[in-house]
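Undergrad: Can you read through this structure? Questions will come right after.
Quick note: the coordinates plus some simple rules give every number you see, no bench work behind them. This is a predicted model, so every value here is computed, not measured. Note: ideal-geometry Cβ built from the backbone for every residue, glycine included; neighbour counts use all protein chains shown.
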Amino acid sequence: MKKPIILVHNVATNEAIEREMTDEEFAIYEADQEKIKIEYEKQLAKENARESALAKLAALGLTPEEIAAL
């Protein structure tokens, strides 16, 4: 797999260089991507659980105002 390209900008000289990530940078990148994926999945599960709970409360006959008051 080809590694992502990064842009390195030297502010002092205003020189910009595009290069492929090093092995170390790529390992960090992959670990960060995995953490982001896990956090996204946790948030999605939490939102799905909330929607399910709201639907169950509505099925019991509670009004939106009563549900909001809980």
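Undergrad: Can you find a residue in region 59-70 that is part of a helix (DSSP H, G or I) and touching an Asp or Glu at 6+ places or on another chain (Cβ under 9 Å)? Please lay out each step first, then the result.
TA: Of all residues in region 59-70, those part of a helix (DSSP H, G or I) come to 59, 64-69.
Next, from what is left, pick out any that are touching an Asp or Glu at 6+ places or on another chain (Cβ under 9 Å): none.
Checking region 59-70: not a single residue is part of a helix (DSSP H, G or I) and touching an Asp or Glu at 6+ places or on another chain (Cβ under 9 Å).
Undergrad: Pairs only if they're at least six apart or on different chains, beta carbon under 8 angstrom, first in region 1-17 and among the basic types (Lys, Arg), second assigned to a loop (DSSP other than H, G, I, E, B); list them, first residue then second.
TA: Pairs found: Lys3/Met21.
Undergrad: Which residues, taken from region 1-15, are outside any strand (DSSP E or B), loosely packed, with under 10 Cβ neighbours inside 10 Å and of a type outside the set (Gly, Ala, Ser)? Working first, answer last.
TA: Kept after step one, since they are outside any strand (DSSP E or B), are these residues of region 1-15: 1-4, 11-14.
Among the residues that remain, those that are also loosely packed, with under 10 Cβ neighbours inside 10 Å are: 1-2, 11-14.
Of everything in region 1-15, those that are outside any strand (DSSP E or B), loosely packed, with under 10 Cβ neighbours inside 10 Å and of a type outside the set (Gly, Ala, Ser) turn out to be Met1, Lys2, Val11, Thr13, Asn14.
Undergrad: Still on this structure, please answer the following. Leu62 - would you say it is out of contact with any strand residue (DSSP E or B) (no Cβ under 7 Å at 6 or more places or on another chain) and closer than 30 Å to Met1 by Cβ? Steps first, please.
TA: Numbers: out of contact with any strand residue (DSSP E or B) (no Cβ under 7 Å at 6 or more places or on another chain): yes; closer than 30 Å to Met1 by Cβ: no.
No: the conditions fail for Leu62.
Undergrad: Could you please find all residues in region 17-42 being over 15 Å from Lys3 (Cα atoms) and of a type in the set (Ser, Thr, Tyr)?
TA: Let us first name the residues in region 17-42 that are over 15 Å from Lys3 (Cα atoms), namely 17, 34-42.
Passing the criteria: only Tyr40.
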